[in-house]
1. Once the Cα atoms of helix 161-170 and of the chain are each reduced to a long axis, what angle between those two axes, in degrees from 0 to 90 to the nearest 10, is obtained?
2. Using only the heavy atoms of the protein chains and a 1.4 Å probe, how would 42, 259 rank by accessible area, largest first?
3. Cα atoms only: what Rg and Dmax, in Å, come out for the stretch 148-228?
4. Any idea how far the Cα center of the stretch 243-284 sits from the one of the stretch 138-172, in Å?
5. Given just the C-alpha atoms of the chain, how large is their convex hull per residue in cubic angstrom?
6. Relative to the first principal axis of the alpha-carbon coordinates of the chain, what is the inclination of helix 61-72, with its axis defined by its Cα atoms, in degrees from 0 to 90 and to the nearest 10?
7. Using 10 Å bins from zero, what percent of all Cα-Cα pairs in the stretch 64-107 falls into each bin?
8. Looking at the stretch 116-188, I'd like the Rg to Rh ratio, where Rg is from alpha-carbon atoms and Rh is Kirkwood's inverse mean 1/r.
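The values are calculated or read from the model by the stated rules, or taken from the named source; none is laboratory data. This is a predicted model, so every value here is computed, not measured. Heads up, the Cβs are rebuilt from the backbone with ideal geometry, glycines too, and the neighbour counts pull from every protein chain shown. The accessibility values were calculated without ligands, DNA or RNA, using every heavy atom of the protein model including side chains. Shrake-Rupley method; radii C 1.70, N 1.55, O 1.52, S 1.80 Å.
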Amino acid sequence: MSSKPFVLLGKEIPEGKRTILDLEVAKLHTRTTVKVPVIVERSHNTGPVVLLLAGIHGDETNGVGIVREIIDLKINKPKNGTIICIPVFNIFGYLIQTREFPDGRDLNRMFPGTQNGSLASQFAYQFSEKIAPFVDYVIDFHTGGGERDNIAQIRCNKDDKKGLELAKVFNPPMIVYSNNIVKSLRETLHKMGKTVILFEGGKSKELNPTIINEGVNGTRNVLIHLGLLEGDITVRATPIFVEKAKWLRASDSGMFKTRVANGSYIKKKDVLGVIQDPFGEFKKKIYAPFNGHVFCINRTPIVNKGDALFHLSLEE
């Protein structure tokens, strides 16, 4: 069934064709233009428009790896509707492997942006005006910041019924209830009436095969559920739901060793790790303060007092 014309970034996207567009960010101080590639695959049939977006933080390469594999496996070629892939959103940060934009701002706190604000704000504005209005569903791929290593998980608002439905279909190991953050991409899209889920997995500056596989398989499930692809949804196990959580912080400074695997269920007084000095004179065990699941571990070898070490689910 033929569908009406679909225009994105000023260009009509033909049916049944792959189209690569450029979202212009700015110019470098060398006058070199920086553009973000936007890969669009439109079928011959009507259907929803799904955006797969990664790299809003430039050093979160697991997300980039997920979208790249989706393209390589041709999962982004729909039987119905349209799939848009933006593998690297924050192209500036990706080039030099930093989280922030060149102006030092976190792009994911600048939405919906302004036309004449900071560089990050102007870029957020371009996306909010030129791409966001034309999509129906969004999967936003992230990783833990720095050395924080997240178990593969979907984050969504507990009251967002459509988002929660997609989270269950994605079928990650964990679903973490998380309120929308002010001026984040997720909050802006939600206010625009879009259905959005946020994938978290692994840590910055890595390509973790397990995390990438989870992201690819979960995305395929969602695309099948929404009718863009044909096939069977893969269900591995029932996800663990995290309604409330708390960070366990370091009571001392020192060398940090973990003694527990990410995703593990732990009981009160279990030893989760140790903090020790480099001279063999100090060693302190880190005990679980309550029962719950570990869904994020700080992988840094040296910690300071008060640093977040383990993100634990608070269970009734």
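1. 80
2. Numbers: 42 20, 259 130 Å².
Ranked list, largest accessible area first: 259, 42.
3. Over the stretch 148-228's Cα set, Rg and Dmax evaluate to 12.7, 35 Å.
4. Spelled out, the Cα-based centre of one part sits 25 Å from the other.
5. Working: hull volume 44.5 nm³, N = 316.
Here the figure is 141 Å³ per residue.
6. Rounded to the nearest ten degrees, it is 40.
7. Histogram of Cα-Cα distances, whole percents per bin: 26, 37, 26, 11, 0.
8. Working: Rg = 14.2 Å, Rh = 14.1 Å.
Ratio of gyration radius to Kirkwood radius: 1.01.
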